[in-house]
Amino acid sequence: MFKHVFLTGPPGVGKTTLVHKACEALRSSGMEVEGFYTEEVREGAGRVGFDVVTVRGERRPLARLGEVSSSARGRRGYTVGRYVVDLPSFENLALPLFSSVGSANRGSKKVFVVDEVGKMELFSRSFISCVRRTLDEPSCTILGTVPAPKGKPLALVAEVWNRTDVKVFIVSKENRDALLQDILAALRDCLRGPV
């Protein structure tokens, strides 16, 4: 029996779009949804960074091209490629969301969105602890994304892949339009729990 649903696939294939659509469908059916997305920030024709955005619409910088916010100045610089990660900004918005995990009404379950468990987010040890706790929380199902496996996997990503209670969907350009109903069906099964 699966308890969590994760999507994987190459960058830009549509994982976050599928997570958005699944969340909309769940909320419209009355399901409690909490958590965050990671979205590209574009200027003109180019990507300049990423923001972390809660499912309620609050937004903060996650990373920018060669830029460190005033809250991150003087601290160790975290970079992924050409992007400088604003770890304080990410943690200040994302980590408090995990405090709602386990607070669903008695007998009900909630979906917690974690988009994504990736290199930028994994600079935060607190984030890693929060994700691990949430994976083990009985009243919560994670709808998340992880990078496609290539080379040596990130430790937490490997943990997610190896868990027997995680259903992983591999998203491609060919199947992304047809996957939404399968993802929703898997989430409904997760939320129903063991019979």
Would you confirm, using the coordinates I've provided, whether residue 66 is modelled with pLDDT under 95 and under 23 Å from residue 42 (Cβ atoms)?
yes
So which residues in the range 1-46 are touching a Cys at 6+ places or on another chain (Cβ under 7 Å) and among the charged types (D, E, K, R)?
3
Any chance residue 5 is within 12 Å of the chain's Cα centre (by Cα) and in a helix (DSSP H, G or I)
no
Look through the range 99-112, keep the residues that are charged (D, E, K, R) and open to solvent by 50 Å² or more (accessible area, probe 1.4 Å), and return whichever of them is modelled with the lowest pLDDT.
106
Breaking point among (1) surrounded by fewer than 17 Cβ atoms within 10 Å (Cβ to Cβ); (2) over 23 Å from residue 189 (Cβ atoms); (3) modelled with pLDDT under 95, for residue 96
(3)
Kindly indicate the residue of the range 42-60 that is over 16 Å from residue 113 (Cα atoms) and either under 17 Å from the mean Cα position of the chain (by Cα) or of a type in the set (Gly, Ala, Ser) (or both) and also modelled with the lowest pLDDT among those meeting that condition.
45
Tell me whether the range 81-91 contains one or more residues that are surrounded by fewer than 16 Cβ atoms within 10 Å (Cβ to Cβ), touching a helix residue (DSSP H, G or I) at 6+ places or on another chain (Cβ under 7 Å) and at pLDDT 95 or above.
no
For residue 71, the lone unmet condition from (1) over 30 Å from residue 190 (Cα atoms); (2) at pLDDT 90 or above; (3) among the polar types (S, T, N, Q); (4) open to solvent by 50 Å² or more (accessible area, probe 1.4 Å) is (2)
Among (1) among the small types (Gly, Ala, Ser); (2) over 19 Å from residue 25 (Cα atoms); (3) more than 15 Å from the chain's Cα centre (by Cα), residue 186 falls short only on (2)
Residues of the range 10-61 being in contact (Cβ under 8 Å) with a residue 60 or more places away in the chain, more than 19 Å from residue 170 (Cβ to Cβ) and surrounded by fewer than 19 Cβ atoms within 10 Å (Cβ to Cβ), in sequence order, are 25, 31, 32, 33
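The values are calculated or read from the model by the stated rules, or taken from the named source; none is laboratory data. As the structure is a prediction and not an experimental result, all values here were calculated from the model. Counting neighbours? That spans all protein chains shown, and the Cβs are built from the backbone with ideal geometry, glycine included. What goes into the accessible areas is simple: the full protein's heavy atoms, side chains included, and nothing from ligands, DNA or RNA. Shrake-Rupley method; radii C 1.70, N 1.55, O 1.52, S 1.80 Å.
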